[in-house]
Amino acid sequence: MADWRDRAECLKSPDPDAWFTERVTGPGREVAEYAMGFCRRCPVQGECLETAMATDERWGIWGGRTSTQRGWTDDTHRARTVGGSA
């Protein structure tokens, strides 16, 4: 069976860098909105988000959510990388 990534809507984007922004407000938010527009219509959005959460993916938009929306902050990153718990 094919990997869920093979069915991801983001593969159709000519701008793969769009998924690595956190700007959901202010200058540059159009880039995040562009990426999230693909996520909203993606048939594997759930699998994408689950993967990001399971692997503690810190960077980028996964499953239609930024790292901040997935619960990442500088404090949680510090706790996770130093051996604490967030």
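The values are calculated or read from the model by the stated rules, or taken from the named source; none is laboratory data. Note that the coordinates shown come from a computational prediction; the quantities given were computed from them, not determined experimentally. The protein model used for the area step is the full one, side chains on, heavy atoms only, and it has no ligands, DNA or RNA in it. Shrake-Rupley method; radii C 1.70, N 1.55, O 1.52, S 1.80 Å.
Brief remarks follow.
- SER67 - accessible surface, heavy atoms, 1.4 Å probe, Å² rounded to 10: 10 Å²
- Amide hydrogen proximity for VAL44: with H placed 1.01 Å from N in the peptide plane, the residues at 5 or more positions away or on another chain lying under 5 Å are GLU9.
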